[in-house]
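The values are calculated or read from the model by the stated rules, or taken from the named source; none is laboratory data. Values in this document were obtained by computation on a predicted structure and should not be read as measured data. So basically every Cβ, Gly included, is an ideal-geometry build from the backbone, and we count neighbours across all protein chains shown. Only protein heavy atoms, including side chains, enter the accessible area calculation; ligands, DNA and RNA are left aside. Shrake-Rupley method; radii C 1.70, N 1.55, O 1.52, S 1.80 Å.
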Amino acid sequence: HAGPHPVEEAPHRARQVVRSARDRRVVFLGDFNTDPHSDTRPCAAVFPRLQAEGFQLTNPKGEWSYHSGNGSGGTRIDHALASPALPIKEAKYVYKSGRHLFAGSANGSGPAMSDHALLSIRVARTKN
């Protein structure tokens with residue numbers, strides 16, 4: 001096998017995709033499989049570089065976004081990364097709404113819908 005391993009190559013490819021959206025109003029949202037605010041693995045190094053280029057990485061309110069349910073606590077792996085043209089005002093993890101339990105065990109009605117909390121963002125109005 002010649003060249004870098006696909007796993008080692010993934011952050012570089014992800015950065016290329018994100019950078020291609022620089023001049024558009026785009027948000028990449030979901031399970032990043034890492035907490036870019038605390039992870040020290042090489043895969044997380046792409047986020048500070050993108051922030052230095054003007055991209056906005058949210059730091060959602062809430063304790064966790066993913067919970068395996070095995071009692072070991074949760075992790076913060078769901079995030080939003082917005083292009084410079086799309087400012088995000090707020091980001092938060094939502095665990096339940098009314099009787100609907102999205103994730104966790106916080107007094108919901110029945111089992112949780114997912115092992116991930118909902119990630120809610122508010123985007124600032126911008127001039128077109």
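A few notes on this one:
- Subset of the stretch 72-92 that is touching a residue at least 60 places away in the same chain (Cβ under 8 Å) and open to solvent by 30 Å² or more (accessible area, probe 1.4 Å) - its residue that is nearest to THR126 (Cα to Cα): ALA85
- Within the option set ASP23, ASP39, being under 29 Å from SER114 (Cα atoms) and at pLDDT below 95 holds for one residue only, ASP39.
- Among the candidates ALA124, ALA52, ALA45, residue that is loosely packed, with under 15 Cβ neighbours inside 10 Å and free of Cβ contacts under 8 Å to residues at least 12 places away in the same chain: ALA52
- Answer residue from the stretch 83-128, given it is hydroxyl-bearing (Ser, Thr, Tyr) and either assigned to a strand (DSSP E or B) or more than 19 Å from PRO60 (Cβ to Cβ) (or both) and is modelled with the lowest pLDDT among those: SER109
- Answer residue from the stretch 1-20, given it is modelled with pLDDT of 90 or more and in a helix (DSSP H, G or I) and is surrounded by the most Cβ atoms within 10 Å (Cβ to Cβ) among those: VAL18
- Residue in the stretch 66-82 that is assigned to a strand (DSSP E or B), touching a Phe, Trp or Tyr at 6+ places or on another chain (Cβ under 7 Å) and modelled with pLDDT under 90 present: yes
- Inside the stretch 44-65, residues that are within 23 Å of GLU9 (Cα to Cα) and either in a loop (DSSP other than H, G, I, E, B) or touching a Gly at 6+ places or on another chain (Cβ under 8 Å) (or both) make up a count of 3.
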